[in-house]
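The values are calculated or read from the model by the stated rules, or taken from the named source; none is laboratory data. What you are looking at is a predicted structure, and each value in this text was computed from that prediction instead of being measured. Using ideal geometry, Cβ is built from the backbone for each residue, glycine included, and neighbour counts are taken over all protein chains shown.
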Amino acid sequence: MDVIVLGAAAGGGFPQWNCHSPASRRARAGDTAARPRTQASIVVSGDGQRWHLFNASPDLRRQLELTSALHPTHGRRSTPIASVVLTGGDVDVIAGLLTLREREPFALHATTAVHAILTANPIFDVLADGIVDRHTVMLGQPIALDDTLTATLFAVPGKVPLYMEDGDRMQPILVDDTTVGAEISDGTHRVLFIPGCAAMTDDLRARIDGADLLFFDATLWDDDEMIHAGLGAKTGRRMGHMSMAGAGGSIASLADLTIGRRIALHINNSNPVLLDDSPERTEAEAAKWIIAEDGLRFTL
């Protein structure tokens, strides 16, 4: 099984278009210790020919062009992308579907809640019926992506997408088909893709334990880092993301589990782990975390 990181950053990418922070300035200046990243997505293949896209970020067209494995291979028009699997309804998860509107067939897998979001917005009708097969995935039930890979969606603590929030108050944390993770298997290996997670639970820890490859939410290092950096007024909890650091953070919460490789993904432009020379990067790597960047590839 091959896995390619198309994008490693959270919504807005790194550097974010309107961000003038020191880290973003370093990235724009070409500092090799502050490499730019597009918005989070991976592709997975069991045979090197058919690829399955997990989340369609707004940066998808650029990601496709930069990934030779996803280039057309025959005829006037074609694509190796056999399916798209969505883990939520946020803009940075679904906007890239509009890039795939050129009447190219593929399967679109999502939960009932996410399909409802797409159906409610007529712009996604460009994914024409009869061309794109929309499949509703039930939580906990494996689906065959092809004859080499299966995917299972499972509930992860999260909240509704930003554009569906009810006011500025703290939104309820939901554990249903609104925010999900994906477990990809070739019958021997397990890859877990969890780009958004509001809190750790015993059930989630049990599912993660023993994974060969884990991609996990690394939006923020500290819960209030955006406030202290002057980049926003929301904490990580308010945005529906647990932090990496601290007693309740992902590093500590997963430290005692058996995981082949643990990859920090969906990294906000405020998170100092984006900088190779930061103390936070050193701490994360000492805890055996790999900080994802675009183009990173794994073979299991």
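Can residue 139 be described as in contact (Cβ under 8 Å) with a residue 40 or more places away in the chain, under 30 Å from residue 205 (Cβ atoms), assigned to a strand (DSSP E or B) and within 19 Å of the chain's Cα centre (by Cα)? No.
Just one of the listed residues (206, 218, 211) is hydrophobic (A, V, I, L, M, F, W, C) and within 26 Å of residue 95 (Cβ to Cβ), and it is 218.
Filtered by the rule that a residue be in a strand (DSSP E or B) and within 29 Å of residue 14 (Cα to Cα), segment 107-136 gives 108, 109, 110.
Within segment 282-289, can one find any residue that is part of a loop (DSSP other than H, G, I, E, B), surrounded by 21 or more Cβ atoms within 10 Å (Cβ to Cβ) and in contact (Cβ under 8 Å) with a residue 40 or more places away in the chain? For segment 282-289, residues part of a loop (DSSP other than H, G, I, E, B), surrounded by 21 or more Cβ atoms within 10 Å (Cβ to Cβ) and in contact (Cβ under 8 Å) with a residue 40 or more places away in the chain: absent. Residues that are buried (at least 22 other Cβ atoms within 10 Å of the Cβ), within 21 Å of residue 97 (Cα to Cα) and out of contact with any Cys (no Cβ under 6 Å at 6 or more places or on another chain) are absent from segment 158-169 altogether. For segment 290-300, give me each residue that is assigned to a loop (DSSP other than H, G, I, E, B), within 19 Å of the chain's Cα centre (by Cα) and more than 16 Å from residue 24 (Cα to Cα). Passing the criteria: 292, 294, 295, 296. The single condition from (1) at pLDDT 95 or above; (2) surrounded by fewer than 19 Cβ atoms within 10 Å (Cβ to Cβ); (3) in a helix (DSSP H, G or I) that residue 277 fails is (3). Among the residues of segment 180-201, the ones that are assigned to a loop (DSSP other than H, G, I, E, B) and touching a helix residue (DSSP H, G or I) at 6+ places or on another chain (Cβ under 9 Å) come to 6 in all.
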